[in-house]
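Just so it is clear, none of the values below were taken in a lab; they were calculated from the coordinates. Nothing here was measured: the structure is a model prediction, and the numbers come from that model. For neighbour counting, all protein chains shown are included, and Cβ atoms are generated from backbone atoms with ideal geometry for every residue, glycine included.
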DNA sequence: CGAAACCATTCGTGACCTGAATGATTTCTC
DNA sequence: GAGAAATCATTCAGGTCACGAATGGTTTCG
């Protein structure tokens, strides 16, 4: 049996490699990739409820609780009461949260640079374009990582 | 904060998506992607010991035990005694194991076809070539998925 | 106004991984 | 060669983590 050289395997292999590498880069900030994703999500949807965000990310409500707990304990996120609906929270980034997100974005750019280092600029453009097309063709939501949901 | 459009994120996103999709396709066979990887590994290194394979795959010995247990329970793998070193086993695929691997490889090809469907043949070739270069440049071992090792 | 739906949360369960300890066997060292 | 050290497979206790069901407070529907 020959070893698979298919695109799908390479994508999964490189994707997992990159994710691990990214997690390493984040370690000094004491934050994990998934928390960065959640910070971005909150930043892009200020004031949304936990379940609204959870739905977009494919995360079950009970999991969102501890998820947001992590960020709140570190002072990155505030759970404000929503006066329109006192059942739901309105999630907001704090100043610290925004700063942390900015930090993480910088690391993200460095990381991207490292991953693409073996390619020329032209090749990176071609690759980015092909991957974008695959991503949209398969209905993946920009900026939302499928790894959040373990089952569905 | 704008949503990331970097290559690294797209790789991780598409890789995770593909992995989930592949797992779904495998479900009817009642086997998981990691087991397929192990079957391939054994097939490519007939007679190797558990720890030899574990080392190549980045899997810790204690985990290899239950890992191989799964495959042995299903009758896909045999633990033969190695006469040269009676501490170690010599792992071998059974006929059933070979058949299952063949099945899985077929599904793998179908899966690859699905993932690449949005691209023309030329584009697939370009993509495959770029991904291969990234993979080798980052010292990823062909056919070995980094997801096996959770820590190192 | 009462019933049904909805948000966040807690908690028990199960899956899974890890690292340390164990027993059998081999290799190293003097 | 004999004892010490390393090696292979295994077991087991502990920790993490995700999920679904159940709960309490709140809103909406009929």
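Looking at the range A:1-28, which of its residues are over 17 Å from the mean Cα position of the chain (by Cα), facing chain B (nearest Cβ under 9 Å) and part of a helix (DSSP H, G or I)? A:7, A:8, A:9, A:10, A:11, A:13 - these are the residues of the range A:1-28 that are over 17 Å from the mean Cα position of the chain (by Cα), facing chain B (nearest Cβ under 9 Å) and part of a helix (DSSP H, G or I).
Restricted to helices (runs of 4 or more DSSP H) entirely inside the range B:29-127, those with at least 1 residues that are more than 16 Å from DNA strand D (Cβ to nearest atom) and over 16 Å from the mean Cα position of the chain (by Cα) are B:95-116. Condition check for residue A:144 on (1) away from DNA strand D (no atom under 16 Å from the Cβ); (2) surrounded by 15 or more Cβ atoms within 10 Å (Cβ to Cβ); (3) closer than 24 Å to residue B:18 by Cα: one failure, at (1).
In the set (1) within 14 Å of chain A (Cβ to nearest Cβ); (2) surrounded by fewer than 18 Cβ atoms within 10 Å (Cβ to Cβ); (3) closer than 30 Å to residue A:116 by Cα, residue B:55 fails one condition alone, (1). Considered as a group, the residues in the range B:62-84 that are surrounded by 15 or more Cβ atoms within 10 Å (Cβ to Cβ) and in contact with a strand residue (DSSP E or B) (Cβ under 8 Å, 6 or more places away or on another chain) include one that is farthest from residue B:149 (Cα to Cα), and that residue is B:82.
Taking the criterion of being touching a strand residue (DSSP E or B) at 6+ places or on another chain (Cβ under 9 Å) and at the interface with chain B (Cβ under 10 Å from one of its Cβ atoms), the residues of the range A:92-110 that qualify are A:93, A:101.
Scanning the range B:19-28 for residues that are farther than 13 Å from residue B:107 by Cβ and away from DNA strand D (no atom under 14 Å from the Cβ) gives a single hit, B:19.
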